[in-house]
1. Can you find, within the stretch 1-19, the residue that is farthest from the chain's Cα centre (by Cα) among those that are part of a strand (DSSP E or B) and more than 20 Å from residue 66 (Cα to Cα)?
2. If residue 160 meets every condition in (1) in contact (Cβ under 8 Å) with a residue 24 or more places away in the chain; (2) part of a helix (DSSP H, G or I); (3) under 27 Å from residue 51 (Cα atoms) apart from one, which number is that one?
3. Among the residues of the stretch 98-108, write down those that are at pLDDT 95 or above and in contact with a helix residue (DSSP H, G or I) (Cβ under 8 Å, 6 or more places away or on another chain).
4. Just to be sure before I move on: is residue 22 crowded, with 20+ Cβ neighbours inside 10 Å and either part of a helix (DSSP H, G or I) or more than 18 Å from the chain's Cα centre (by Cα) (or both) in the structure I sent?
5. What is the residue count in the stretch 112-144 for residues that are in contact (Cβ under 8 Å) with a residue 40 or more places away in the chain and part of a helix (DSSP H, G or I)?
6. For residues that are in contact with a helix residue (DSSP H, G or I) (Cβ under 9 Å, 6 or more places away or on another chain) and in a loop (DSSP other than H, G, I, E, B), scanning just the stretch 33-43, find the one that is modelled with the highest pLDDT.
7. Kindly establish whether residue 76 is surrounded by fewer than 17 Cβ atoms within 10 Å (Cβ to Cβ) and free of Cβ contacts under 8 Å to residues at least 24 places away in the same chain.
8. With within 12 Å of the chain's Cα centre (by Cα) and either surrounded by 14 or more Cβ atoms within 10 Å (Cβ to Cβ) or farther than 19 Å from residue 25 by Cβ (or both) as the only criterion, which of 168, 184 stands out?
């Protein structure tokens, strides 16, 4: 088990209004699985992903990530946990425009203070995994949407995180690129990573180990009859 929520909820106060983004939730994530988090816009998907990513604290309940109780960690400790344990893949790729594909992938290793030789080896391995070695010198603007997302996957992989969180990773892609990316995410789960993928696209159910549905902040696990065996 890499993450566990026990009675976790998230509330926001806007003026004199209290907004419940996530109702009390019990949920576990295991190594080697791809968990699909599905629901309409505004349902609470991103809130759940932000909690798993240690970006926000729960309002109630307890949250563990990699055997650490997130509730008790300060901001510096949270940042260390994110850097060493969690990889993020975003809908809009979030690549740094002035940097080449290779430099974008190397950025988390620079933040970790890794020596250049070891960092280069890890970058090479990550680029090889996503089949982008030949585009390593290209700037993001010189890559297609699918290629940019594969570079973003390589960047998420390069620190060898246990948990990878994906926020609508296929929303900006055509159908062919979507299935290429999902195949790569499935492969990562098969290699022992834990993945949570937020989406509103029911077609991705075929790729998931488990599916949870969120509606108005209420999380429920569903039977994944669409999974391809």
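The values are calculated or read from the model by the stated rules, or taken from the named source; none is laboratory data. Please read all numbers here as calculations on a predicted model, not as lab measurements. Note that we place each Cβ from the backbone using ideal geometry, even for glycine, and neighbour counts take in every protein chain shown.
1. If we filter the stretch 1-19 for residues that are part of a strand (DSSP E or B), which is where we start, we get 3-14, 17-19.
Filter once more, so that each one left must be more than 20 Å from residue 66 (Cα to Cα): 10-14, 17-19.
On the way: 10: 19, 11: 22, 12: 23, 13: 26, 14: 28, 17: 30, 18: 28, 19: 25 Å.
In this case the residue turns out to be 17.
2. Condition (2) is where residue 160 drops out.
3. Of the stretch 98-108, the ones at pLDDT 95 or above are 98-106.
Of everything in the stretch 98-108, those that are at pLDDT 95 or above and in contact with a helix residue (DSSP H, G or I) (Cβ under 8 Å, 6 or more places away or on another chain) turn out to be 99, 101, 102, 104, 105, 106.
4. Working: crowded, with 20+ Cβ neighbours inside 10 Å: yes; either part of a helix (DSSP H, G or I) or more than 18 Å from the chain's Cα centre (by Cα) (or both): yes.
When the stated conditions are applied, residue 22 passes them.
5. So in the stretch 112-144, the residues in contact (Cβ under 8 Å) with a residue 40 or more places away in the chain come out as 112, 129-130, 139-141, 143.
Filter again for part of a helix (DSSP H, G or I), leaving 112, 129, 140-141.
Counting residues in the stretch 112-144 that are in contact (Cβ under 8 Å) with a residue 40 or more places away in the chain and part of a helix (DSSP H, G or I) gives 4.
6. Only one residue tops the list, namely 33.
7. Working: surrounded by fewer than 17 Cβ atoms within 10 Å (Cβ to Cβ): yes; free of Cβ contacts under 8 Å to residues at least 24 places away in the same chain: yes.
For residue 76, the condition - surrounded by fewer than 17 Cβ atoms within 10 Å (Cβ to Cβ) and free of Cβ contacts under 8 Å to residues at least 24 places away in the same chain - is met.
8. Numbers: 184 fails: within 12 Å of the chain's Cα centre (by Cα).
Sole residue among the options that is within 12 Å of the chain's Cα centre (by Cα) and either surrounded by 14 or more Cβ atoms within 10 Å (Cβ to Cβ) or farther than 19 Å from residue 25 by Cβ (or both): 168.
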